[in-house]
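Peer 1: After the structure tokens below, expect a handful of questions from me.
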Amino acid sequence: MEELIPRHVAVIMDGNGRWAKKRLLPRSAGHRAGMNRMISLSDHAFSRGVEFMTLYALSAENLSRPREELDALFSLFREYFLKNAAILEQKGVRMKIIGDLGLIPADVSDLVRAGEEQTRAGTKGTLTLAIGYGGRQEIVRAVNEAVRRGEEVDAGSFSALLSTAELPDPDLIIRTGKEKRISNFLLWQCAYSEFYFSEKMFPAFTNADFDRAVADFAARDRRYGKI
Ligand code: FPP
């Protein structure tokens, strides 16, 4: 029997810093290794039939990290968007950003917007990067929007006010790096997601590890509160 493939996989890419520390490398080297892993992993996920891949690249709370680390991350973002927008366009993958881009340097947010624009026509998968993202912040923004419109909402119309409006809810959420928490990621959207926690640090989380997570997902019985 063919394995059930999750339509939407979200990944909390944790452990870059610890991966680097163990190798006596600067944290920035861990983020670079994480970026390379992230590129290969999303290609692999789409090749397995995943339609939506959502990656937690930077939380709103991460923005209070030391300046030096943030500068290294923003340099990586510049490099990533400059190089990868054209590659994703060629592969037919649409790139989408969720989060508050007002929190990151203007030249980086310009690159991010340009990347979204350049890949707009992609139909072979949607790669969503969460940058300056916080689930509570997203919910509060949507509530204020509903209040502003003077409209009562239900679960469906509320979902449509979120930055993920065009995405189905994640079927599978993977967190690497040993911790077992959600860290303000997709709080509304994860209502019926399946969770998979890996002890591996993100740069060491291989495509084969991803396949193990998918196989684990495929064996689960999703009841959505029913019997
Ligand atoms: C968490 O590990 C990871 C991050 C805060 C950054 C994630 C970024 C990438 C994987 C690469 C760059 C992304 C793009 C879009 C180019 P951590 O630093 O919290 O690790 P630790 O818990 O071991 O300290």
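Peer 1: So, of the residues in the range 132-163 that are in a loop (DSSP other than H, G, I, E, B) and touching a strand residue (DSSP E or B) at 6+ places or on another chain (Cβ under 7 Å), which turns out to be farthest from Leu63 (Cα to Cα)? Even if it seems obvious, please write down each step before you answer.
Peer 2: At the first step, the residues of the range 132-163 found to be in a loop (DSSP other than H, G, I, E, B) are 134, 150-154, 160-163.
Remaining after also requiring touching a strand residue (DSSP E or B) at 6+ places or on another chain (Cβ under 7 Å): 134, 163.
Working: Gly134: 11, Ser163: 19 Å.
Checking each candidate, the answer is Ser163.
Peer 1: Exactly one condition in (1) more than 13 Å from the ligand (Cβ to nearest atom); (2) within 18 Å of Met53 (Cβ to Cβ); (3) touching a helix residue (DSSP H, G or I) at 6+ places or on another chain (Cβ under 8 Å) is not met by Pro170; state its number.
Peer 2: (3)
Peer 1: Can you tell me which residue is surrounded by the most Cβ atoms within 10 Å (Cβ to Cβ) among those in the range 22-42 that are among the hydrophobic types (A, V, I, L, M, F, W, C), more than 15 Å from Phe77 (Cβ to Cβ) and out of contact with any Phe, Trp or Tyr (no Cβ under 7 Å at 6 or more places or on another chain)? Before the answer, list the steps.
Peer 2: Here is the first cut: in the range 22-42, the ones among the hydrophobic types (A, V, I, L, M, F, W, C) are 24-25, 29, 33, 35, 38-39, 41.
Those left that are additionally more than 15 Å from Phe77 (Cβ to Cβ): 24-25, 29, 33, 41.
Restricting the remaining residues to those that are out of contact with any Phe, Trp or Tyr (no Cβ under 7 Å at 6 or more places or on another chain) gives 24-25, 29.
Numbers: Leu24: 7, Leu25: 14, Ala29: 18.
Only one residue fits best here, namely Ala29.
Peer 1: Something else now. Hey, among the residues in the range 184-206 that are part of a loop (DSSP other than H, G, I, E, B), away from the ligand (no atom under 16 Å from the Cβ) and among the hydroxyl-bearing types (Ser, Thr, Tyr), which one's surrounded by the most Cβ atoms within 10 Å (Cβ to Cβ)? Full working, then the answer.
Peer 2: Here is the first cut: in the range 184-206, the ones part of a loop (DSSP other than H, G, I, E, B) are 184-193, 198-201, 205-206.
Subset that is away from the ligand (no atom under 16 Å from the Cβ): 187-193.
Filter again for among the hydroxyl-bearing types (Ser, Thr, Tyr), leaving 192-193.
Details: Tyr192: 12, Ser193: 20.
Of everything passing the filter in the range 184-206, Ser193 is surrounded by the most Cβ atoms within 10 Å (Cβ to Cβ).
Residues are listed down the side, and each one gets a yes or a no for (1) over 19 Å from Glu179 (Cα atoms); (2) within 12 Å of the ligand (Cβ to nearest atom); (3) aromatic (Phe, Trp, Tyr); (4) in contact (Cβ under 8 Å) with a residue 40 or more places away in the chain:
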| position | (1), (2), (3), (4) |
| --- | --- |
| Glu2 | yes, no, no, no |
| Val11 | no, yes, no, yes |
| His31 | no, yes, no, yes |
| Ser42 | yes, yes, no, yes |
| Phe46 | yes, no, yes, yes |
| Glu51 | yes, no, no, yes |
| Ala57 | no, yes, no, yes |
| Ala60 | no, yes, no, yes |
| Ser64 | yes, yes, no, no |
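Peer 1: Given Met38, Met95, which one is more than 8 Å from the ligand (Cβ to nearest atom) and under 13 Å from the mean Cα position of the chain (by Cα)? Lay out the reasoning, then the answer.
Peer 2: Details: Met38 fails: more than 8 Å from the ligand (Cβ to nearest atom).
From the options Met38, Met95, the qualifying one is Met95.
Peer 1: Scan the range 129-147 and report the pairs whose first residue is polar (S, T, N, Q) and whose second residue is surrounded by 14 or more Cβ atoms within 10 Å (Cβ to Cβ), with Cβ atoms within less than 6 Å and a gap of 6+ or a chain change.
Peer 2: Close Cβ pairs (under 6 Å, with a partner that is surrounded by 14 or more Cβ atoms within 10 Å (Cβ to Cβ)) amount to Gln137/Ala60.
Peer 1: Can you tell me which residue among Ser193, Ser198 is at pLDDT 95 or above, touching a Gly at 6+ places or on another chain (Cβ under 8 Å) and under 22 Å from Ile5 (Cα atoms)?
Peer 2: Values: Ser193 fails: touching a Gly at 6+ places or on another chain (Cβ under 8 Å).
Exactly one of Ser193, Ser198 is at pLDDT 95 or above, touching a Gly at 6+ places or on another chain (Cβ under 8 Å) and under 22 Å from Ile5 (Cα atoms), namely Ser198.
Peer 1: Separate question: Got at least one residue in the range 2-11 being crowded, with 19+ Cβ neighbours inside 10 Å and within 20 Å of Val112 (Cβ to Cβ)?
Peer 2: Applying the first criterion (crowded, with 19+ Cβ neighbours inside 10 Å) to the range 2-11 yields 6, 8-11.
Going one step further and asking which of them are within 20 Å of Val112 (Cβ to Cβ), we end up with 10-11.
Yes: the range 2-11 contains one or more residues that are crowded, with 19+ Cβ neighbours inside 10 Å and within 20 Å of Val112 (Cβ to Cβ).
The values are calculated or read from the model by the stated rules, or taken from the named source; none is laboratory data. Since this is a predicted model, take the numbers as computed values, not measurements. Cβ coordinates were reconstructed from backbone atoms using ideal geometry, including for glycine residues, and neighbour counts include every protein chain displayed.
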